Amino acid sequence: VIQMSHRPAPIICRIFSSALKPQRLQSGCSQAHTPVMAREVIEHLNPRSGQVFLDMTFGAGGHSRALLEVCPDITIFCLDRDPQAMTFAAELSASFKGDSESLLTRSGCPKGGVDGVVMDLGASSMQFDIPDRGFGLSRDSLLDMRMSASSKSNEPTAADVVNCLTAAQLAHIFKAYGEERFARRIANAIVEHRSALGPIRRTGQLADLIASVVSAVTSSPKSGMKAEADNPQLPCPPPMHVATRVFQALRIFVNDELNELCCGLEIAHTFLKAGGRVAVISFHSLEDRLVKWAFTNSLSSSAAGGLASRLASTSNEAVGSARFQRLLNQLQPQSEVIVNSPTPPPLKTAFWSQINGATVPSQAEVLRNKRSRSAKLRVAEKRDVEAL
């Protein structure tokens, strides 16, 4: 967790650890980060002098920087699970990993005292741009995809998922988290490849295998699936690579992203003051559906359809390894309620007041920043439940 304030000099970040000295923000990426829908976020959060904000997906700091540039005299507490997003906070991140609420409290972020929260979901441009992380399709690299970015982590990698699970389990992941129409064909091909040629360790291997499967049933490997059409008024993006949905599914599964989103919304509600706002930017339909559901129904992640929890014990050596046990724990029935079931009736007492429906980026922004083309922004205000 870092606390930021604006000065005439470039943005300085102060680490809440006596072992570390203040250091300048370093993105860890050669390319400049362009925050998605920053103007709309600022309009909805409307920062004013003396207010406190929470950036729960700091990344390269784009939204925090935008808020500070509009209103210098604010305080922003920032969270990110990726040590490479804030290399100077790696020690603190390792010490308190997975306990964001406790870490925020220890760092002085006031419960019930935050005016606005920003959540920019999914992998960041920085993560896609670093080939060693294994998130993207542009360059060949190891199949990792862990946002924790630690080779010593006991968390399963994308390679663990691809090489350890059965065809049925893989098909479930690809269908549930990627909405991949060729999920079973691709899963069967992966298992056949493992048996005949050995494990799949690199992004290029997996992408080529998926392209070969899809090309067998479509006219072109690069056009087997239509590009997203969430906003038909926007410029038509280039055709989506046929492996995109499988890569998305693996990334979501490896990083437990839907549960992280549920937990993040709970934390946002805990730290926001009554009338405070949360702005959530999502990039695919699963995230957007979950955010919409949370804003119109229940606060608790346990009520959000029983999404998978990775907190089960990893000490069972009978299954071979802690990583494989985590995979099995995570494969219990999950996400069907959110993905496939009709929306349940709203609670009598709602925790959020939805400020707007899904807002999409302008045509001008999509032309400037192609990553924004599938973005949707939803904003909600914390209700004063005690006053109801």
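Quick look at the values:
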quantity: Residue count for segment 335-364, restricted to those that are surrounded by 17 or more Cβ atoms within 10 Å (Cβ to Cβ) and at pLDDT 50 or above; calculated: 6
quantity: Entirely in segment 150-215, the helices (runs of 4 or more DSSP H) that have 1 or more residues that are surrounded by fewer than 19 Cβ atoms within 10 Å (Cβ to Cβ) and over 24 Å from the mean Cα position of the chain (by Cα); calculated: 167-178, 183-197, 203-215
quantity: Unmet criterion (only one of (1) in contact with a helix residue (DSSP H, G or I) (Cβ under 8 Å, 6 or more places away or on another chain); (2) modelled with pLDDT under 75; (3) assigned by TED's automatic domain parsing to the domain that holds ALA364) for GLU287; calculated: (2)
quantity: Filter result (under 11 Å from ALA279 (Cβ atoms) and among the acidic types (Asp, Glu)) within segment 30-79; calculated: GLU40, GLU43, ASP55
quantity: Index of the failed condition, ASP230 passing every other in (1) in a loop (DSSP other than H, G, I, E, B); (2) at pLDDT 95 or above; (3) of a type in the set (Asp, Glu); calculated: (2)
quantity: The listed residue being surrounded by 15 or more Cβ atoms within 10 Å (Cβ to Cβ), touching a strand residue (DSSP E or B) at 6+ places or on another chain (Cβ under 8 Å) and either assigned by TED's automatic domain parsing to the domain that holds GLY122 or modelled with pLDDT of 85 or more (or both), out of ILE267, ILE281; calculated: ILE281
quantity: Entirely in segment 22-110, the helices (runs of 4 or more DSSP H) that have 1 or more residues that are surrounded by fewer than 21 Cβ atoms within 10 Å (Cβ to Cβ) and at pLDDT below 85; calculated: 62-70, 90-95, 100-106
quantity: Cβ-Cβ under 9 Å pairs, at least 6 apart or on other chains, segment 175-192 side at positive phi, far side surrounded by fewer than 19 Cβ atoms within 10 Å (Cβ to Cβ) and assigned to a helix (DSSP H, G or I); calculated: GLU179/SER285; GLU179/VAL339
quantity: Scan of segment 354-385 for residues that are under 18 Å from HIS284 (Cα atoms) and of a type in the set (A, V, I, L, M), ordered by number; calculated: ALA358, VAL360, VAL366, ALA375, LEU377, VAL379
quantity: Residue count for segment 241-264, restricted to those that are at pLDDT below 85 and more than 20 Å from the chain's Cα centre (by Cα); calculated: 1
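The values are calculated or read from the model by the stated rules, or taken from the named source; none is laboratory data. All figures in this text were calculated on a predicted structure; none of them were measured in a lab. Every residue, glycine as well, gets a Cβ built from its backbone with ideal geometry; the counts of neighbours run over all protein chains shown.
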